[in-house]
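So the structure is just underneath, and the comments pick up after that.
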Protein chains: 2
Amino acid sequence: MKAQSLHGHLDALLLAVLEQGPLHGYAVIEALRTGSAGQLDLPTGTVYPALRRLERAGHVASTWSTVNGRERRTYQLTDDGRRALAGERSGWREFRTTVGRFLDTGPASTAPA
Amino acid sequence: MKAQSLHGHLDALLLAVLEQGPLHGYAVIEALRTGSAGQLDLPTGTVYPALRRLERAGHVASTWSTVNGRERRTYQLTDDGRRALAGERSGWREFRTTVGRFLDTGPASTAPA
DNA sequence: CTTCATGCGTAGAAAGCCTACTTGTCAGCC
DNA sequence: GGCTGACAAGTAGGCTTTCTACGCATGAAG
């Protein structure tokens, strides 16, 4: 699926993935891919800058570690990030409900209510 | 709510509103506002260009009419637009499912399943 | 030694929405 | 008559976010 539809929700996804434990950038991409059954295959050019943005915003913190000669920057959620994630989640529910009011209630849909 | 989150879903919303019957631009904005309980209050600078885009794409057609001396451009869904809307709807479901996999399954959420 | 998977990163382009503004009619009020 | 506010359409420029396409480096496999 087009990741362009993510616009504005990517940060929430990244925070949600990191909520389950610290990961480095490459692993975040894999977590999103496997966790979505292959639907989300984000390019590094999308994820890395986004993680930096989250770090600048104070939602995540990063630490360097060298594993097998490979440099890894491991990201982990901060307390502030946890609060941000909660906000993103409620924002997501609101968004889903609002848009769903128009798109879920179709003429030939499995009416949800 | 921030309409920026719409990014990519606005077209689907407009098509969905017009599915219920032809409307002019201003009425589309009101339909979105009332239909969303005030959540979606889109500025004209967002809606009008979007409707033009949909017209260029062949998803809607417009006709001018003058009511009480006021010029109205009424938009209505084309057959192509109906097909596009169906695609947008399935795209929306996929998007919702995929993102929901990460954001709905929170630690303190009303688990949907 | 070449290729591939892992791993990080940047630069420039493209897309989409928002803010702010303009134009015009009509109704109501002073 | 002049002013304000709701209705109705539209444009221009800016901002944010994501994507495409690259570059650099290590280690394992052939």
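The values are calculated or read from the model by the stated rules, or taken from the named source; none is laboratory data. As the structure is a prediction and not an experimental result, all values here were calculated from the model. Note that each Cβ is placed from the backbone with ideal geometry, even for glycine, and that neighbours are counted across all protein chains shown. Only protein heavy atoms, including side chains, enter the accessible area calculation; ligands, DNA and RNA are left aside. Shrake-Rupley method; radii C 1.70, N 1.55, O 1.52, S 1.80 Å.
Below are the figures for this structure:
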item	result
Per residue solvent-accessible surface (Å²) - the range B:1-88, probe of 1.4 Å	54
The range B:45-56 - phi-based ³J(HN,Hα) in whole Hz, Karplus 6.51/-1.76/1.60, Gly and Pro as x	x, 9, 6, 4, x, 5, 5, 4, 5, 5, 5, 4
Helix-only [θ]222 nm of chain B, DSSP H runs n ≥ 4, -39500 (n - 2.57) each, per residue, nearest 500	-17000 deg cm²/dmol
Per-pair calculated FRET efficiency, R0 = 25 Å: A:A27 and A:H7 via Cβ, rounded to 0.05	0.60
Inter-copy spacing of A:A57 label points, which lie 7 Å from Cα along Cα→Cβ, given in nm from shortest upward	2.7
Test item: A:4-12 mean partner chain Cβ contacts at 10 Å	5
Minimum Cβ-to-axis distance in chain A for the rotation onto chain B, with residue, whole Å	A:H7, 2
Protein heavy-atom accessible area occluded, B/A pair - total, 1.4 Å probe, Å²	3200
Chain B - percent of accessible surface contributed by carbon and sulfur, probe 1.4 Å	49
Nearest 10 degrees, 0 to 90: helix B:10-19 Cα axis against chain B principal axis	60
Length-normalised contact order for chain B - Cα pairs under 8 Å, 6+ apart - percent	26
